[in-house]
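A.B. asks: Before we start, here is the structure in question, set down as structure tokens.
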Amino acid sequence: MKFNYSKSNNYDKDKMDLISDIDIIIDEKVEVCDTKILPDNFKAGQRKLYIESYGCQMNFSDSEIVASVMQKHGFGTTSNVEEADLVFLNTCSIREKAEQTVRFRLDHLNSLKKKKPELIIGVLGCMAERLKTKFLEEEKIVDIVVGPDAYRDLPNLVERVDEGDKAVNVLLSREETYADIAPIRLNSNGVSAFISIMRGCDNMCSFCVVPFTRGRERSRSPESIVQEAKDLFSQGYREVTLLGQNVDSYKWAGEANKKETDLAIAQGKPAVTFANLLEMVAQISPDLRVRFSTSHPKDMTDEVLHTMAKYENICKYIHLPVQSGNSRVLELMNRTYDREWYIERIDAIRRILGEDCGISSDMIAGFCTETEEEHQDTLSLMEYVQYDFSYMFFYSERPGTLAARKYKDDIPMEVKKRRLQEIVDLQRKLSYQRNQRDVGQVHKVLIEGFSKRSQEHLQGRNSQNKVVIFPKGKHQKGEYVDVLVTDFTAATLLGEVV
Ligand code: SAM
Ligand code: SF4
């Protein structure tokens, strides 16, 4: 068998694979976030919308809701910005770099608008919510500013711009879940799809801007989630990922508003928990894989782990961001758990789901006042857990957050970057070791399509969320195959169907 890949002992090549697979910021030129563009889907005579999404999966998912809202009002989508009548940037505020990227993009769009003055430019998402009307003052080419809870209002806002005004709606809601809007899956491989099960976040981690940009936590009705998953399955999808900032705190007792949900539960009304929801989705079909993200260490229950163990089609992979391995830093971060608590949760995963369960994390290097010893605690925790992979960042102060108000961002940039590099280097070693364990084992792989680098090879994921590449034979996307892993890089498993 011949692969177009370097051998697994090619360390530099492995490093490159890993760096392109995990979102890292080491030097200023490396971009943090993924960007996605919705492809062509328009009829003759329709006004054309071009949407570019930055940041997390939640944003990509929201853009599909935006496309659906706009389509109902007669707009089609285009992947060619030059032919668009409307350009929407769905933005991310999580780190300074993410915001800079959007500013650069707006500079580019400026030249387009000069050629085509009737072009409407809208800024959506977290950056819109954070900056509100200030955006219109700072970026003259922007016509519409709309926050994550106001997408139903977009057609009205466009109408206002058509009439010659600028338009802003950044109202946050305690109830909006867009439960009744069927997202247009324009960005999908037709095999795996994302379903938002909740919105917002009530956690107030001190470094994080999300509670300010996405508002209060609220859950979506389980019926609407299960129906969406059933519809996807009947359209040929074979994997759904349930999305939320903190999926373990999902709960439903007949009310979207969390305050009312908590009250109803206190009064004895039965509630659907995240473990219940997982089970409901897993029962749709054994051929529908279920994933979820993100789990919060303070809320992840044994009940969820036992539900995962009970159903083969709930993937054995948990993204459990730790952020830091030191209890003092975790307290400053307001994560509400300490190192011991986190280790106990990892032990529970290993006890209930075994050594093969995939575990990944998010890490922040150089948070306010972090000492060298405390940084070493992060490294030793990584060794303890043996993460399969991690998303690694250095701390970026965000205006308005608790940390920005209370603590000095006092770790010099070169120290932050050096600590981040140490975390990245260790993760590379751990990923390599974890992948080495898979050699000689057979993995059930859901095929997602052709490998990025060869039409002769297919790629899919195993239950642990690792990419597996193998010669295509007569197989097709959407099929499950058993693959014997014969080789690996730090980012990918290589093998053959058995
Ligand atoms: N809700 C998820 C959780 O609690 O794990 C994560 C949401 S956030 C969109 C994704 C990751 O970005 C966080 O886990 C954290 O590692 C990172 N992040 C958030 N704020 C950051 C900041 N100010 N500087 C650097 N990284 C940050
Ligand atoms: Fe941000 Fe913490 Fe909420 Fe995650 S749990 S979105 S890090 S506040």
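The values are calculated or read from the model by the stated rules, or taken from the named source; none is laboratory data. In this text the structure is predicted, and so the values were computed from the model without any measurement. No Cβ is skipped: glycine too gets one built from the backbone with ideal geometry, and neighbour counts run over all protein chains shown.
A.B. asks: For segment 188-203, which residues satisfy the criterion of being in contact with a helix residue (DSSP H, G or I) (Cβ under 6 Å, 6 or more places away or on another chain), away from ligand 1 (no atom under 11 Å from the Cβ) and assigned to a loop (DSSP other than H, G, I, E, B)? Quick ask: steps written out before the conclusion?
C.D. replies: Of the residues in segment 188-203, the ones in contact with a helix residue (DSSP H, G or I) (Cβ under 6 Å, 6 or more places away or on another chain) are 193-197, 200-201.
From what is left, the residues that are away from ligand 1 (no atom under 11 Å from the Cβ) are 193-197.
Hit for segment 188-203 is 197, nothing else.
A.B. asks: Pairs please, first residue from segment 56-69 and without any contact (Cβ under 8 Å) to a residue 12 or more places away in the chain, second anywhere and more than 13 Å from ligand 1 (Cβ to nearest atom), Cβ atoms under 8 Å, 6+ apart in sequence or on different chains.
C.D. replies: Listed by first residue and then by second, the contacts come to nothing, as the list is empty.
A.B. asks: Now for a separate question. Only strands (runs of 3 or more DSSP E) wholly contained in segment 271-386 count here; list those with 1 or more residues that are acidic (Asp, Glu) and surrounded by fewer than 19 Cβ atoms within 10 Å (Cβ to Cβ).
C.D. replies: 358-365
A.B. asks: Do you know which of the residues in segment 207-228 that are within 16 Å of ligand 1 (Cβ to nearest atom) and of a type in the set (A, V, I, L, M, F, W, C) is surrounded by the fewest Cβ atoms within 10 Å (Cβ to Cβ)?
C.D. replies: Filtering segment 207-228 down to residues within 16 Å of ligand 1 (Cβ to nearest atom) leaves 207-219.
From what's left, of a type in the set (A, V, I, L, M, F, W, C): 207-210, 212.
Numbers: 207: 25, 208: 22, 209: 24, 210: 21, 212: 18.
Here the answer is 212.
A.B. asks: Among the residues of segment 353-386, write down those that are away from ligand 2 (no atom under 16 Å from the Cβ) and within 21 Å of residue 246 (Cα to Cα).
C.D. replies: Result: 353, 357, 358, 359, 385.
A.B. asks: So is residue 244 surrounded by fewer than 18 Cβ atoms within 10 Å (Cβ to Cβ) and either within 21 Å of residue 307 (Cα to Cα) or more than 22 Å from the chain's Cα centre (by Cα) (or both) or not?
C.D. replies: no
A.B. asks: Exactly one of (1) more than 30 Å from residue 286 (Cα to Cα); (2) among the small types (Gly, Ala, Ser); (3) in a helix (DSSP H, G or I) is unmet by residue 164. Its number?
C.D. replies: With (1) more than 30 Å from residue 286 (Cα to Cα); (2) among the small types (Gly, Ala, Ser); (3) in a helix (DSSP H, G or I) applied to residue 164, the lone miss is (3).
A.B. asks: Could you check segment 196-253 and list, in sequence order, the residues that are on the phi > 0 side of the Ramachandran plot and either hydroxyl-bearing (Ser, Thr, Tyr) or more than 16 Å from ligand 2 (Cβ to nearest atom) (or both)?
C.D. replies: Of everything in segment 196-253, just one residue is on the phi > 0 side of the Ramachandran plot and either hydroxyl-bearing (Ser, Thr, Tyr) or more than 16 Å from ligand 2 (Cβ to nearest atom) (or both), namely 236.
A.B. asks: Still on this structure, please answer the following. What's the total number of residues in segment 269-311 that are within 16 Å of ligand 1 (Cβ to nearest atom) and touching a Phe, Trp or Tyr at 6+ places or on another chain (Cβ under 7 Å)?
C.D. replies: 5
A.B. asks: Among the candidates 464, 459, 455, which residue alone is at pLDDT below 95 and not in a helix (DSSP H, G or I)?
C.D. replies: Only one candidate qualifies: 455.
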